[in-house]
1. What is the residue count in the stretch 22-57 for residues that are within 23 Å of Val4 (Cβ to Cβ), of a type in the set (Val, Ile, Thr) and touching a Lys or Arg at 6+ places or on another chain (Cβ under 9 Å)?
2. Only residues in the stretch 60-71 that are surrounded by 10 or more Cβ atoms within 10 Å (Cβ to Cβ) and basic (Lys, Arg) count as the first member; pair them with residues that are assigned to a helix (DSSP H, G or I) and at pLDDT 90 or above, Cβ under 6 angstrom, at least 6 apart or cross-chain, and list the lot.
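The values are calculated or read from the model by the stated rules, or taken from the named source; none is laboratory data. Because the structure is a prediction, the values reported are computed rather than measured. Positions of Cβ are backbone-derived with ideal geometry, glycine not excepted, and every protein chain shown enters the neighbour counts.
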Amino acid sequence: MLSVIPEDWRPIRRDSDGELVGYLVQAGERDALVVPTGLIGTPLGPPQTVEAARSVLVGEGLAVLTRLWWCRTRTRRTPSGRQVRHTDHP
């Protein structure tokens, strides 16, 4: 099965119930810092220590999903000026 989450993203779960709250993404190849990243792949803070980033995810990882989010899609215009959106859904 194809995963949209890169294999090197480290999943973080709440200790209380095991709920997935986000991911830790390595800031650089040789950097000890990580970026707290939400479930939809949005950075939730700057590069920081693992402990600090985990704290951000546990505290805010799910709450950020209640915000209004925008998504850019691939669009093109037909000769008549109509927009055509391409999706991967049937």
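1. 2
2. Here the result reads none, with nothing in the stretch 60-71 linked to a residue that is assigned to a helix (DSSP H, G or I) and at pLDDT 90 or above.
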